[in-house]
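Step one of this worksheet: look at the structure below.
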Amino acid sequence: MAEFEAFHPENQTLGRAIMVTIEATQYRNIDPLLAKHGLAKLEPENWYSQPADLALLEDINNTMDFVAIGMKIPDRVEYGVPVKTVGDALTLLDNGYRHNHRGPDVGGFHTTWTGDRSLQIVCHTPYPSDLEYGIIYRLVQKYRPVDSGLFSVMRTPDTPNRKLGADTCTFDVSW
């Protein structure tokens, strides 16, 4: 399954999540594209077709930098619980994703600790992996300890990659 293809046609995205992503794009004149995909009158608490949400993102794919968009999203969302560490932020990715998506097969995030300051995240979503990279990068940047110095977020070599048609994309994260 490639990027921008929902895992199930009945999956839905919460309006607030679509609105946050649209705000992060800073896309000029997005209204015609929203109308094209049946998303013209978004309400934060209403549910919308995830395939339509993905089609909208695919339409802007060639004109936007999804890493930059992803880096803006963590500063525009509320977590509902205190987030104090990188570990908190990254292990809450799945909860946040599932709070904003529903349906028979929406996917999710699986986080595995690989060291005291490192983990691996398997992203099983239909969204662009560059968007997820940006979100993960910003979360590490925002919540890493002051003494951590450099940090790294990179696609795990020799693992499935949605850019190449896989259902997942895996990132190694360290700080």
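The values are calculated or read from the model by the stated rules, or taken from the named source; none is laboratory data. Everything numeric in this text was worked out from a predicted model, so none of it was measured. Cβ coordinates were reconstructed from backbone atoms using ideal geometry, including for glycine residues, and neighbour counts include every protein chain displayed. Protein only, heavy atoms only, side chains kept; ligands, DNA and RNA dropped before computing areas. Shrake-Rupley method; radii C 1.70, N 1.55, O 1.52, S 1.80 Å.
Which residue, Val81, Pro104, Leu131, has the largest displacement toward the positive end of the dipole of the stretch 57-135 when charges sit on each Cβ (Lys, Arg +1; Asp, Glu -1)? The Cα lying farthest towards the positive end belongs to Val81. Remark: the stretch 56-113 carries a charge dipole of roughly 200 debye about the Cα centre, counting +1 on each Lys and Arg Cβ and -1 on each Asp and Glu Cβ. In this structure, the pairs whose alpha-carbon distance is over 32 Å, taken from Lys72/Lys163; Lys41/Lys72; Lys36/Lys84, are Lys36/Lys84. Per-residue ellipticity at 222 nm computed for the chain from its helices equals -10500 deg cm²/dmol, with DSSP H segments shorter than 4 residues left out and the rest contributing -39,500 (n - 2.57).
Axis of helix 15-25 versus longest Cα principal axis of the chain: the two differ by about 80°, to the nearest ten degrees.
What the Cα convex hull of the stretch 1-143 gives, in volume per residue, is 104 Å³. Summary value for the stretch 62-142: 47 percent relative contact order, contacts being C-alpha pairs under 8 angstrom separated by 6+ residues. Its Cα centre serving as origin, the stretch 75-175 has a Cβ charge dipole (Lys and Arg +1, Asp and Glu -1) of approximately 180 debye. Peptides 126-134, 87-95 ordered by packing proxy, namely the average of other Cβ atoms within 10 Å per residue, highest first: 126-134, 87-95. Across the chain, the relative contact order, built from alpha-carbon pairs under 8 Å that are at least six residues apart, equals 29 percent. Computed from phi, the 3J(HN,Hα) profile of the stretch 52-69 under the Karplus parametrisation 6.51, -1.76, 1.60 (θ = phi - 60°) reads 5, 4, 5, 5, 4, 4, 5, 4, 9, 3, 7, 10, 10, 9, 5, 5, 5, 5 Hz, with x in place of Gly and Pro. Database remark: amide H of Ala166 closer than 5 angstrom to the amide H of Asn161 (H placed geometrically; neighbours at sequence offset of 5 or more, or on other chains; Pro and chain starts carry no H). Amide H contacts of Gly108 (H built 1.01 Å from N, in plane; Pro and chain starts excluded): His124, Thr125 sit under 5 Å, all sequence-distant by 5 or more or on other chains.
Place a point 7 Å from the Cα of Asp158 along the Cα-to-Cβ direction; which residues of the stretch 84-120 have their backbone N under 18 Å from it? Output list for this probe position: 120. For the chain, the solvent-accessible area works out to 51 Å² per residue, with a probe of 1.4 Å and every protein chain left in place.
Here the accessible area is traced with a 1.4 Å probe on the protein chains. For the chain, carbon and sulfur cover 50 percent of it. Here the chain is treated with +1 on each Lys and Arg Cβ and -1 on each Asp and Glu Cβ, and its dipole about the Cα centre works out to around 360 debye. Scalar couplings 3J(HN,Hα) for the stretch 140-156, obtained by applying the Karplus form with A = 6.51, B = -1.76, C = 1.60 to θ = phi - 60°, are 5, 4, 6, 10, 5, x, 4, 7, 6, x, 6, 9, 9, 10, 8, 5, 5 Hz; x denotes Gly and Pro. With Cα atoms defining each centre, the stretch 69-88 and the stretch 118-138 are spaced 13 Å apart in the structure.
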